[in-house]
Amino acid sequence: MRERIIEILKNYHSNKIKIGTLGSHSALNILRGAKDEGFETICVCKSKDVKIYKNFGVADRIIEVEDFNELLDESIQNFLRNENTILIPHGSFNAYIGKLENLNVPIFGNRKLMEYEISREKQREWFLKAGIRIPKTFSSPEDIDRLCIVKYHGAKGGRGYFLTSSPQEFKEKGEKMVKMGLVNESELKKVEIQEYIIGANIYFSFFYSPINERIELISVDRRYEHVDGLGRIPAKEQLKTDIEPTYTVIGNFPLVLRESLLREAFNTAERIVEVSKEIAYPGMVGPFCIETIFNERAELIVFEISARIVAGTNVGIPSSPYSYILFGENMYMGRRIAREIKIAIEKDMLTEVIY
Ligand code: AMP
Ligand code: AMP
């Protein structure tokens, strides 16, 4: 697959490279970043969202589709290749397109690693190899013996996740989520049941530059989820009502950490990058996010990783405290991606950053 993409890239005019993506998730971030680095941009977006991408003026060319799956249509792929497009993948590539093997357009990053997000077993294998601390998982609902969170596969943004402390409760709440239309029966059969870690949720967005062989902390955020609304209702009222909070993400907040906690975050990022090279050649390329919870002893526990840009980096535009310290100029994930592509073109190293 990688060889096929490299062949396609060989036919590209390196002075005419355009940056493209799907219109959702972190597209504004990606497209603004591309423009800040002097690239022309292409946005493949749903007709109903055209007004957003027109309004912000960061897409030089808009391709309208009814469904993101149309990205796989030969006519669209042909157009993108003719325009020397490098695609920047984000959450919608995983959520709405799934397997990327039929996408014959170069993407920035490592599509093999992106598949780890769809499979929680693969993710676990990655974590275990890296020797990092993760929540305990339960292979069967029958084994639930403590407070657990029930999750699904793929980038679902917390939709339909629920808490449970027993096998019986698992059954009841699962059925309720199906009734509420948040998940379907088949998703409920393939759940991941994780011990619920009580603590502070922190999302670290790093960038690994294969050109500089450097791990960079670009921004840190936390999420604003449906469940956060619970805190606005007194416990007395919560007990009286049949509330079923879920973890659907609505937005993100920027964050800075106690500086002493950065050490562990970097140690974790280093191990994750190291193992990525063993499990999926050529290893990590560009943005990745380590989703963590710091427990009562301020110990870092990783519950998920995304090997691509996450929407939480949108809080880091035009700069986060960390990216500013590192670059001394406005820098954010979309721009950092475009900067790496620009440097790769200058150094004739594009094949190192695409897959
Ligand atoms: P959307 O374009 O909003 O449908 O998002 C595409 C995919 O990314 C969906 O699976 C969302 O759940 C996920 N997503 C979007 N925004 C965020 C966010 N701020 N944090 C986490 N996941 C997100
Ligand atoms: P994820 O889809 O793995 O990013 O998880 C979505 C949300 O569920 C997170 O932002 C957390 O709020 C919550 N969450 C996921 N896993 C755990 C866990 N093991 N313990 C506590 N909260 C979790």
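Observations, loosely collected:
- Amide H within-cut-off set for residue 63, under 5 Å, with H built and near neighbours excluded: 43, 44, 45
- Counting only Cα atoms, the size of the stretch 2-108 along its three principal axes is 37, 30, 21 Å, in decreasing order.
- Residue-wise HN-Hα couplings along the stretch 237-248, as the Karplus relation 6.51 cos²θ - 1.76 cosθ + 1.60 with θ = phi - 60° gives them from phi, are 6, 4, 5, 7, 10, 8, 8, 10, x, 10, 10, 3 Hz; Gly and Pro carry x.
- Residue among 102, 128, 287 farthest towards the positive dipole end of the chain, charges placed on Cβ: 287
- Here is the list for the stretch 262-322: GluC sites (Glu not before Pro) lying in DSSP coil, each with at most 15 other C-beta atoms within 10 angstrom of its C-beta, are 296, 299.
- Rounded to the nearest 10 Å², the accessible area of residue 45 at probe 1.4 Å: 0 Å²
- Beta bridges per DSSP with both ends in the chain, % antiparallel, nearest 5: 75 percent
- This model, with +1 at the C-beta of Lys and Arg and -1 at the C-beta of Asp and Glu, gives the chain a dipole about its Cα centre of some 360 debye.
- Where the stretch 137-195 is the region considered: accessible area per residue in Å², 1.4 Å probe: 51 Å²
- Helical runs assigned H by DSSP (4 residues or longer) give the chain a calculated mean residue ellipticity at 222 nm of -9500 deg cm²/dmol, each run adding -39500 (n - 2.57) before division by the residue total.
- Apportionment of accessible area to carbon and sulfur, the chain, percent (1.4 Å): 49 percent
- The smallest convex shape that holds all Cα atoms of the chain, its convex hull, gives 147 Å³ per residue.
- Between the listed residues 31, 13, 71, the Cα displaced farthest toward the positive end of the dipole of the stretch 2-108, a dipole computed from Cβ unit charges relative to the Cα centre, is found at 31.
- Taking every protein chain into account, the accessible area of the stretch 1-134 amounts to 44 square angstrom per residue (probe 1.4 Å).
- Summarising the strand pairing of the stretch 2-108, around 0 percent of its internal DSSP beta bridges are antiparallel.
- Mean projected area (nm²) of the alpha-carbon convex hull when the stretch 290-351 is viewed from all directions: 5.8 nm²
- Here, the stretch 137-195 is characterised by an Rg to Rh ratio of 0.92, where Rg is the alpha-carbon radius of gyration and Rh the Kirkwood radius.
- Set 16/46; 18/54; 156/190 screened for pairs whose C-alpha atoms are more than 20 Å apart: 16/46
- For the chain, with +1 on Lys and Arg beta carbons and -1 on Asp and Glu, the positive-most of 215, 318, 182 along the dipole: 318
- Under a model in which nothing but the beta-carbon of Lys, Arg (+1) and Asp, Glu (-1) is charged, the stretch 2-108 shows a dipole of about 240 debye around its Cα centre.
- Placed amide H near residue 304: partners under 5 Å, 5+ positions off or other chain: 291
- Test item: Cα-centred dipole of the stretch 137-195, Lys/Arg +1 and Asp/Glu -1 on Cβ, debye: 320 debye
- Taking amide H positions as modeled 1.01 Å from N, with prolines and chain starts lacking one, the residues under 5 Å from residue 219 and 5 or more places away or on another chain are 205.
The values are calculated or read from the model by the stated rules, or taken from the named source; none is laboratory data. Since this is a predicted model, take the numbers as computed values, not measurements. Neighbour counts run over all protein chains shown; Cβ positions are idealised from the backbone, glycine included. These accessible areas exclude ligands, DNA and RNA; they are computed on the full protein's heavy atoms, side chains included. Shrake-Rupley method; radii C 1.70, N 1.55, O 1.52, S 1.80 Å.
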